[in-house]
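A short write-up of the structure that comes next.
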Amino acid sequence: MTDTDTVTLTLDEVAALSRAVLTRHGLAPDHVEAVTETIVAGERDECAAHGVYRLLVCINTLKTGKVSPDAQPVVDDVAPALVRVDAGGAFAQLAFKRGVPHLITKAKASGIAALALNNCVHFAALWPEIETVVAEGLVALAVTPSHAWVAPAGGRKPLFGTNPIAFGWPRPGPFPYVFDFATSAVARGEIELHRRAGKPIPEGWGVDGDGQPTTDAATALAGAMLTFGGHKGSALSTMVELIAGPLIGDMTSAESLAFDDGAGSSPYGGELIVAIDPAGFLGAAAADHIARAEAVFDGITGQGARLPSQRRYEGRVRSLASGVHIPRALYDDIRALLD
Ligand code: NDP
Ligand code: PYC
């Protein structure tokens, strides 16, 4: 069903569109499946900046030649609680899929474990990965740098990536506690969507090339984005640079942008995912940590506040029932990739 402004698709139709576009541009079948899962999940949960819009981003990246369309991830079982997957320059999704069973096994054996993805191209939200780990009853943390687009607090030149931090905690029922946010005031994808729609951005998201505040999306994209929470976001962003860059032998956001060399590809580098098994501290019969966490969540929602991911989960229910609504201009741009 279509109207003039949006196109409504079922999730199966979104998946078919994603597969067709990615395959048409030469992505190998196992990567097509892994990337499609992420794109469908983003659209399903009404995360517009990381849903089907990312098909434009992926194809652009494929066209730059900065991502391998078919590299097979190589798993390296480094230590009892450490696993590394070399993505070989391909998109991160397949490397994560190959590495995560090892991460889960190791976390359950050691109480805590870490997975490093190396040499991957990352264009996605982190919550799908967090949800995969949390579904095993584990607590999860994930971070990745991106491209140097964000000025440190007190500075004006891009240095940090948009550097997301995502965290998950298991809850009874299908919807875990998950937050996933950029350490910039907003994800870059959100500013890109404002630019596409010709809409101004709020103050505080970015500055122009002289460090002056701007509400023009294109000016902020060309100037510098800002961190959230001033020096606090700046320090968290620095942490992401360090623990998903040098700590795991991979690129910082500045190095990723230098590697891009003006091509306009998605960020290249690493991701760190940590999984903690509550039973490690609490023993195999551990259970009351779940009830005690629920008391914390009740304390939040009892005040009328909402939990992070609630909007997303509500979107998921809507999308599963009645499909997703894609701006017609975006849909047309994606269909044009099939020509
Ligand atoms: P948002 O600011 O939209 O949301 C951040 C988090 O805060 C979400 O978990 C959101 O839940 C929650 N939240 C928002 N409003 C409230 C509220 N009022 N009360 C409680 N919780 C709230 O996200 P960002 O723009 O910072 O990031 C968007 C996405 O971009 C992330 O998924 C991130 O992983 C991705 N990203 C990826 C990068 C990469 O390099 N791969 C780089 C940067 C970002 P909800 O979703 O339910 O609103
Ligand atoms: O929106 O900032 C962003 C982003 C970077 C990489 C993937 N998403």
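The values are calculated or read from the model by the stated rules, or taken from the named source; none is laboratory data. A quick note: this is a predicted structure, and the numbers were derived from the prediction, not measured. Backbone-built Cβ (ideal geometry, glycine too); neighbour counts: all protein chains shown. With ligands, DNA and RNA removed, areas are computed over all heavy atoms of the protein, side chains included. Shrake-Rupley method; radii C 1.70, N 1.55, O 1.52, S 1.80 Å.
For Arg98, indicate whether it is of a type in the set (Lys, Arg), open to solvent by 10 Å² or more (accessible area, probe 1.4 Å), over 25 Å from Pro278 (Cα atoms) and away from ligand 1 (no atom under 15 Å from the Cβ). No; evaluated as a whole, the condition is false for this residue. Would you say Gly270 is touching a Gly at 6+ places or on another chain (Cβ under 9 Å), farther than 23 Å from Ala16 by Cβ, modelled with pLDDT of 95 or more and within 14 Å of ligand 1 (Cβ to nearest atom)? So Gly270 passes the test.
From the residues in segment 109-137 that are out of contact with any helix residue (DSSP H, G or I) (no Cβ under 9 Å at 6 or more places or on another chain) and open to solvent by less than 10 Å² (accessible area, probe 1.4 Å), which one is nearest to ligand 1 (Cβ to nearest atom)? By that ranking, first place goes to Leu126.
Only a single item in (1) open to solvent by 70 Å² or more (accessible area, probe 1.4 Å); (2) touching a residue at least 24 places away in the same chain (Cβ under 8 Å) is not met by Gln212, and it is number (2).
Out of segment 112-161, which residues are closer than 18 Å to Ala235 by Cβ, among the charged types (D, E, K, R) and touching an Asp or Glu at 6+ places or on another chain (Cβ under 9 Å)?
Step one: of segment 112-161, the residues closer than 18 Å to Ala235 by Cβ are 141, 143-146, 148-161.
Remaining after also requiring among the charged types (D, E, K, R): 156-157.
Correct list: Arg156 only.
Could you check segment 138-158 and list, in sequence order, the residues that are under 19 Å from Leu272 (Cα atoms) and open to solvent by less than 50 Å² (accessible area, probe 1.4 Å)? Those that are under 19 Å from Leu272 (Cα atoms) and open to solvent by less than 50 Å² (accessible area, probe 1.4 Å): Leu138, Val139, Ala140, Ala142, Val143, Thr144, Pro145, Ser146, His147, Ala148.
Of the residues that sit in segment 84-95 and are in contact (Cβ under 8 Å) with a residue 60 or more places away in the chain and hydrophobic (A, V, I, L, M, F, W, C), which one is surrounded by the fewest Cβ atoms within 10 Å (Cβ to Cβ)? Full working, then the answer.
To start, the set of residues in segment 84-95 that are in contact (Cβ under 8 Å) with a residue 60 or more places away in the chain comprises 84, 89, 91-94.
Filter again for hydrophobic (A, V, I, L, M, F, W, C), leaving 91-92, 94.
Values: Phe91: 28, Ala92: 31, Leu94: 24.
Taking the candidates together, the pick is Leu94.
Restrict the check to segment 240-256 and report whether at least one residue is of a type in the set (A, V, I, L, M, F, W, C), out of contact with any strand residue (DSSP E or B) (no Cβ under 9 Å at 6 or more places or on another chain) and either open to solvent by less than 40 Å² (accessible area, probe 1.4 Å) or within 11 Å of ligand 1 (Cβ to nearest atom) (or both). Checking segment 240-256: not a single residue is of a type in the set (A, V, I, L, M, F, W, C), out of contact with any strand residue (DSSP E or B) (no Cβ under 9 Å at 6 or more places or on another chain) and either open to solvent by less than 40 Å² (accessible area, probe 1.4 Å) or within 11 Å of ligand 1 (Cβ to nearest atom) (or both). Taking every residue in segment 279-305 that is more than 18 Å from Gly173 (Cβ to Cβ) and pairing it with any residue that is hydroxyl-bearing (Ser, Thr, Tyr), at least 6 positions away or on another chain, the pairs with Cβ-Cβ distances below 8 Å are Gly280/Ser110. Scanning segment 66-83 for residues that are among the charged types (D, E, K, R) and touching a residue at least 60 places away in the same chain (Cβ under 8 Å) gives a single hit, Lys66.
Arg44 meets the stated requirement of being closer than 26 Å to Val186 by Cβ, open to solvent by 40 Å² or more (accessible area, probe 1.4 Å) and not aromatic (Phe, Trp, Tyr). Considering only residues in segment 159-182 that are in contact with a Pro (Cβ under 7 Å, 6 or more places away or on another chain) and open to solvent by less than 30 Å² (accessible area, probe 1.4 Å), the one that is farthest from ligand 2 (Cβ to nearest atom) turns out to be Pro170. Residue count for segment 263-301, restricted to those that are under 30 Å from Thr61 (Cβ atoms) and loosely packed, with under 14 Cβ neighbours inside 10 Å: 2. Selection of first residues in segment 308-326 that are modelled with pLDDT of 95 or more and of second residues that are basic (Lys, Arg), restricted to Cβ pairs under 6 Å at least 6 apart or on distinct chains, gives the following pairs, ordered by first then second residue: Arg316/Arg44; Ser319/Arg44.
Only residues in segment 116-128 that are within 9 Å of ligand 2 (Cβ to nearest atom) count as the first member; pair them with residues that are among the polar types (S, T, N, Q), Cβ under 8 angstrom, at least 6 apart or cross-chain, and list the lot. What qualifies is His122/Thr144; His122/Ser146; His122/Ser266; Phe123/Thr61; Phe123/Ser266; Ala124/Thr38; Ala124/Gln93; Ala125/Thr38.
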